[in-house]
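Remarks on the structure that follows.
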There are 6 protein chains.
Amino acid sequence: MATVPLISDEDASPEVRAVFDDIRATRQTDYVNNFWRAMANEPETLQAVWARLKAIMGPGALDPLVKEMIYVAVSAANGCEYCVHSHTAAARAKGMSDDMHGELLAVIGMAAQTNALVTALQVPVDPRFKA
Amino acid sequence: MATVPLISDEDASPEVRAVFDDIRATRQTDYVNNFWRAMANEPETLQAVWARLKAIMGPGALDPLVKEMIYVAVSAANGCEYCVHSHTAAARAKGMSDDMHGELLAVIGMAAQTNALVTALQVPVDPRFKA
Amino acid sequence: MATVPLISDEDASPEVRAVFDDIRATRQTDYVNNFWRAMANEPETLQAVWARLKAIMGPGALDPLVKEMIYVAVSAANGCEYCVHSHTAAARAKGMSDDMHGELLAVIGMAAQTNALVTALQVPVDPRFKA
Amino acid sequence: MATVPLISDEDASPEVRAVFDDIRATRQTDYVNNFWRAMANEPETLQAVWARLKAIMGPGALDPLVKEMIYVAVSAANGCEYCVHSHTAAARAKGMSDDMHGELLAVIGMAAQTNALVTALQVPVDPRFKA
Amino acid sequence: MATVPLISDEDASPEVRAVFDDIRATRQTDYVNNFWRAMANEPETLQAVWARLKAIMGPGALDPLVKEMIYVAVSAANGCEYCVHSHTAAARAKGMSDDMHGELLAVIGMAAQTNALVTALQVPVDPRFKA
Amino acid sequence: MATVPLISDEDASPEVRAVFDDIRATRQTDYVNNFWRAMANEPETLQAVWARLKAIMGPGALDPLVKEMIYVAVSAANGCEYCVHSHTAAARAKGMSDDMHGELLAVIGMAAQTNALVTALQVPVDPRFKA
């Protein structure tokens, strides 16, 4: 159970419905996932977060699959179960192979390990990295 | 100041020196950064961590630049100052442009925001994401 | 399942029972929630944590509802599912409206985003903020 | 040193300059802090983040000082040095007294303690908190 | 559900099977837990992580029970539900008494509290701690 | 710079002075470190945190050095620079050898790595770990 109700299509106000429709059109699916249905309790925040997400995750200097894998990595580091599941599914839908997933996981694990070692050691930043 | 001494080339044992030499050869640079010099207080851990990092970060199903950007993302999420600096520098050395960096940052920020919203809302995972 | 048994009223020692009674009296409810029943395996820690929580969360320079919303915010940032649920319920019981909840969530999400951006950018603290 | 240059007024493009001007007008100060100068390397992200921050942090169901203290709490939980300094300064500017600050700190510490205990105990959520 | 299949003994390749056998022999149990069955999708990572874990967690300057309790502490701080459960069980199997568990929990909670207070206060490191 | 003044002996109220004196007596040193001087702005919190820390960190089912190493592990996982420095120094003062420190670091790094892998994989908890 979420801490707020999940808003169904029937209960959606026109402005919420417009965001749901844009999610459907952008993702070419009829499915609107629980995150947006929870966010729909605050239409203004829903609209603002969706607009930014749509702008950020589209094609650009980085391709959408790379962005989706970065999203998985941040979500894992932040311990967000929902986000790991939803963005891993999204990455697969965008073409992430099992081998790519395996390497993504290995990098996440290695980064977490060296992050922890660096912090426990309090290693000073090399001056050349600050240039 | 680190919580351990940084081991110079002069103070390095032969096994540590061998790792330093492999770092230099692999990265085609004469510079060995502070993380490895701190790790060198424990030669076995140094050797094991370097061997895994080298294996993981090389070419594979994901290219090295993508892996480096994922490393930056995890390091930022984990709040590791040293790691953000060193892996941002490494990503630039591997070809990350300003535009790519800008998009990487935007994804990191957006993921952190939706991770926090999902956690604060305790959104239940959609069954289809678990399939 | 917790990693320890949850202590029922029947299994509670007199000192644990005294804490349970004070929780009931302070909160004007007959219900003692699972956190305290898990903590009750260590009566001394139970007593100390409850005494501090009671002292801190009461009226003062900040009102109890504000404190409860701050508690939700920290719990979300720390990824604690139980704590998000229990303190969101407590905030509602103390008068948090849907609009207040919506704004609380928006601040949590925005703070997480700018925290991540600042860390990924390693922005130096402005001297005036340290004065 | 940040991982990007801090953009001065002289180097700001017209769109960046417009955001800087709105920050000055909104906050009634001539000072634009380092976070925005770092963000200015990506004018679109700068504009979007500033617009949301301005909308979220203004008066509403919660007053701006309460929002600022929630921001400090999230920033501390996320370990963001810059953000703790800048939002503590902002909270003071909005009227946070020493006593309020002391209580804010006590709540942050207590929440972090019980978050950790709950996680280490893996306490199951009480059904009534999910209703 | 994990984001990858859990590999059964029947589906295990010979190299995966060899790791499973070594886990069984080292731990003197027939049971191979879900973490390794998930990791088995990437045999090379499985092998590398198991080899390091086995080397690190054995007897040395610290005894295995102390190491296991440190593992619980890190897992709790990182909010890893699975890891808290599995390493608490492992610590119990290695001799952790209820009293030791209680003290472990108290230290974890106290450390989380003072970590948060220090971060919220931005206390400067005493020069003598850096010597 | 901390976000509050550090209270010197001269500026300490009698109740703060009493805590400082107890810190000196308990630790058999004349030195009162910055954390307590920052906390001294809130005498009641100072007194409560010190009393609990003193009770928790003393001898018991776990010895004080083991507790101190657990404290370092939590502090590293939480990314607290001050706490890593102060508790590493405290652990050394209580007898932590270089070999013990090296093993502590290796466990911290390994735990962080498997925590991240488990979270990225969303491994379900084995039923036997919940028993």
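The values are calculated or read from the model by the stated rules, or taken from the named source; none is laboratory data. All values derive from a computational prediction rather than experimental measurement. Neighbour counts are summed over all protein chains in view; Cβ atoms, including those assigned to glycine, are modelled from backbone coordinates with ideal geometry.
Is it the case, given these coordinates, that C:F35 is at the interface with another protein chain (Cβ under 7 Å from one of its Cβ atoms) and either more than 18 Å from C:H85 (Cα to Cα) or at pLDDT 95 or above (or both)? Yes, satisfied. Per this entry, B:V74 is not counted among residues that are at the interface with chain A (Cβ under 7 Å from one of its Cβ atoms), touching a Lys or Arg at 6+ places or on another chain (Cβ under 6 Å) and either among the β-branched types (V, I, T) or assigned to a helix (DSSP H, G or I) (or both).
Among the residues of segment D:32-64, those that are closer than 22 Å to B:A77 by Cβ and in a loop (DSSP other than H, G, I, E, B) comprise D:N41, D:E42. Annotation note: Cβ proximity below 7 Å between a residue of segment F:44-59 that is in contact (Cβ under 8 Å) with a residue 24 or more places away in the chain and a residue that is crowded, with 21+ Cβ neighbours inside 10 Å and not in a helix (DSSP H, G or I) (sequence gap 6+ or interchain) occurs for F:L46/F:A40. Going by the conditions given, is F:E68 more than 7 Å from chain E (Cβ to nearest Cβ) and among the acidic types (D, E)? In short, yes. The set of residues in segment A:92-131 that are among the acidic types (D, E) and assigned to a helix (DSSP H, G or I) comprises A:D98, A:D99, A:E103. The set of residues in segment B:80-131 being surrounded by fewer than 24 Cβ atoms within 10 Å (Cβ to Cβ), under 19 Å from F:A120 (Cα atoms) and not hydrophobic (A, V, I, L, M, F, W, C) consists of B:Q122, B:P124, B:D126, B:P127, B:R128, B:K130.
Taking only pairs six or more apart or across chains, which ones have beta-carbon atoms under 7 Å, a first residue in segment A:12-27 that is under 19 Å from A:E68 (Cα atoms), and a second residue that is assigned to a helix (DSSP H, G or I) and at pLDDT 95 or above? Taking only residues 6 or more apart or on different chains, the pairs are A:I23/A:W36; A:I23/A:W50; A:T26/A:K54. Selection of segment D:77-86 for residues being at the interface with chain C (Cβ under 7 Å from one of its Cβ atoms) and either among the charged types (D, E, K, R) or assigned to a helix (DSSP H, G or I) (or both) yields D:A77, D:E81, D:Y82, D:C83, D:H85, D:S86.
Residue count for segment F:24-50 under the criterion of being β-branched (V, I, T) and surrounded by fewer than 20 Cβ atoms within 10 Å (Cβ to Cβ): the result is 2.
Being within 8 Å of chain E (Cβ to nearest Cβ), among the polar types (S, T, N, Q) and assigned to a loop (DSSP other than H, G, I, E, B): is that true of F:T29 here? No; evaluated as a whole, the condition is false for this residue. Taking the conditions (1) of a type outside the set (D, E); (2) outside any helix (DSSP H, G or I); (3) facing chain C (nearest Cβ under 7 Å) in turn, D:A89 satisfies each one other than (2).
When E:K67 is tested against (1) more than 24 Å from F:E81 (Cα to Cα); (2) outside the structural domain of E:A2 (by TED's automatic domain parsing); (3) touching a helix residue (DSSP H, G or I) at 6+ places or on another chain (Cβ under 7 Å), only condition (1) is not met.
One line per residue, one yes/no per condition, for (1) assigned by TED's automatic domain parsing to the domain that holds E:K94; (2) of a type in the set (D, E, K, R); (3) within 24 Å of E:A89 (Cβ to Cβ):
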{"position": "E:L6", "(1), (2), (3)": "no, no, yes"}
{"position": "E:A12", "(1), (2), (3)": "no, no, yes"}
{"position": "E:A18", "(1), (2), (3)": "no, no, no"}
{"position": "E:D21", "(1), (2), (3)": "no, yes, yes"}
{"position": "E:T29", "(1), (2), (3)": "no, no, yes"}
{"position": "E:N34", "(1), (2), (3)": "no, no, yes"}
{"position": "E:P43", "(1), (2), (3)": "no, no, no"}
{"position": "E:L46", "(1), (2), (3)": "no, no, yes"}
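Is there a residue in segment E:53-64 that is within 30 Å of A:H101 (Cβ to Cβ), of a type outside the set (S, T, Y) and facing another protein chain (nearest Cβ under 7 Å)? There is at least one residue in segment E:53-64 that is within 30 Å of A:H101 (Cβ to Cβ), of a type outside the set (S, T, Y) and facing another protein chain (nearest Cβ under 7 Å).
Of all positions in segment D:1-18, none carries a residue that is more than 7 Å from chain C (Cβ to nearest Cβ) and within 30 Å of C:G60 (Cβ to Cβ).
Residues in segment B:92-110 that are touching a residue at least 12 places away in the same chain (Cβ under 8 Å) and within 8 Å of chain A (Cβ to nearest Cβ): B:M100, B:L104, B:V107, B:I108. Within segment D:22-48, can you find the residues that are of a type in the set (D, E) and over 19 Å from C:D126 (Cα atoms)? Once the filter is applied, which keeps residues that are of a type in the set (D, E) and over 19 Å from C:D126 (Cα atoms), segment D:22-48 yields D:D22, D:E42, D:E44. Of the residues making up segment D:1-19, those that are surrounded by fewer than 19 Cβ atoms within 10 Å (Cβ to Cβ) and either assigned to a helix (DSSP H, G or I) or among the charged types (D, E, K, R) (or both) are D:D9, D:E10, D:D11, D:P14, D:E15, D:R17, D:A18. Here D:K67 meets the list (1) buried (at least 21 other Cβ atoms within 10 Å of the Cβ); (2) under 21 Å from B:G79 (Cβ atoms) almost entirely, failing just condition (2).
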